[in-house]
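In what follows, a single structure is set out as structure tokens and then discussed.
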Amino acid sequence: MENEILVKVCSKCGIFNSERAEKCESCGTKLDEAIGKKEAEDLSEEIEKRNKKISADIAEAKTSGPAKKEIDLPVSPFRKVLGIIMAVVTVVMTLGAIVLIFCPNPFEGKNMAYGEIIIGGFLLAFIMAYLTAFCLFPGKVWSAQLYFSSYRYSQVPIPSDYALNMQCVAFIFFTLMAIGFIVLEVWIMFKAFTGV
Ligand SMILES: [Zn+2]
């Protein structure tokens, strides 16, 4: 044992350094304690393997093509049902707004903004159509939204479950608003056709 050659293996590049060296001759990394030759050879081999793997990973990352511009997001059963309800509500309120265009204005001479109500209906329907698409195809809309935003991501970030759940809260809020609007439309039609 007293004749054993002691060396210091660099933990970064794996080369052997003299047992008296403080820093790696090749890369300057601070060296650990000197160890026996056999042990040093194993360690050196291990480090070499690790370095090869890192190089391969880097090469692969460089050649794996452009970063993903579109991601897939899971659509929960709740989200699916909500999206279908939203689609129906959107269609109904759009049809309602179209019917109102051809309705006689029941507020004639009463200083009510009939035209603005109709325009409001179309605006809300437009927002609802967008939110419905977001609800049913979250991955596509989320990716497109980021694509058109001024900040360009190299890779589309994945929203948290919390963010996706909060979206549903917003969807429900707008859906209730749209249902309220349908009630308003029906009320106006009722007034227009019955004259009450
Ligand atoms: Zn080194």
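For Pro157, the conditions (1) modelled with pLDDT under 95; (2) crowded, with 16+ Cβ neighbours inside 10 Å are fulfilled apart from (2).
Of the residues making up the range 154-181, those that are assigned to a helix (DSSP H, G or I), more than 19 Å from Asn105 (Cβ to Cβ) and touching a residue at least 24 places away in the same chain (Cβ under 8 Å) number 11. The C-beta contact set for the range 5-28 (first residue in contact (Cβ under 8 Å) with a residue 12 or more places away in the chain, second residue among the polar types (S, T, N, Q) and assigned to a loop (DSSP other than H, G, I, E, B), distance under 6 angstrom, 6+ apart or interchain) comprises Cys10/Thr29; Lys12/Thr29; Cys13/Ser26; Ile15/Ser26. In the range 92-102, the condition of being exposed (fewer than 12 other Cβ atoms within 10 Å of the Cβ) and in the same structural domain as Gln145 (by TED's automatic domain parsing) is met by at least one residue. Checked against (1) in contact with a Gly (Cβ under 9 Å, 6 or more places away or on another chain); (2) part of a loop (DSSP other than H, G, I, E, B), Gly28 passes all but condition (1). Checking the stated criteria, Ala34 turns out not to satisfy the condition of being farther than 30 Å from Ile118 by Cβ, out of contact with any strand residue (DSSP E or B) (no Cβ under 6 Å at 6 or more places or on another chain) and of a type in the set (A, V, I, L, M, F, W, C). Looking at the range 118-133, can you tell me whether even one residue there is on the phi > 0 side of the Ramachandran plot and either part of a helix (DSSP H, G or I) or not assigned by TED's automatic domain parsing to the domain that holds Gly14 (or both)? No, every residue in the range 118-133 fails to be on the phi > 0 side of the Ramachandran plot and either part of a helix (DSSP H, G or I) or not assigned by TED's automatic domain parsing to the domain that holds Gly14 (or both).
Would you check if Arg50 is more than 21 Å from Leu164 (Cβ to Cβ), modelled with pLDDT of 90 or more and in a helix (DSSP H, G or I)?
Details: more than 21 Å from Leu164 (Cβ to Cβ): yes; modelled with pLDDT of 90 or more: yes; in a helix (DSSP H, G or I): yes.
Yes: the conditions hold for Arg50.
Filter the range 10-58 down to the residues that are basic (Lys, Arg) and either under 42 Å from the mean Cα position of the chain (by Cα) or within 11 Å of the ligand (Cβ to nearest atom) (or both), then identify the one that is surrounded by the most Cβ atoms within 10 Å (Cβ to Cβ). Break it down stepwise before answering.
From the range 10-58, those basic (Lys, Arg) are 12, 20, 23, 30, 37-38, 49-50, 52-53; that's our starting set.
Next, from what is left, pick out any that are either under 42 Å from the mean Cα position of the chain (by Cα) or within 11 Å of the ligand (Cβ to nearest atom) (or both): 12, 23, 30, 49-50, 52-53.
Values: Lys12: 16, Lys23: 13, Lys30: 10, Lys49: 11, Arg50: 13, Lys52: 10, Lys53: 10.
Across the range 10-58, the extreme among qualifying residues is Lys12.
The values are calculated or read from the model by the stated rules, or taken from the named source; none is laboratory data. Because the structure is a prediction, the values reported are computed rather than measured. Glycine also receives a Cβ, built like all others from the backbone with ideal geometry; neighbour counts cover every protein chain displayed.
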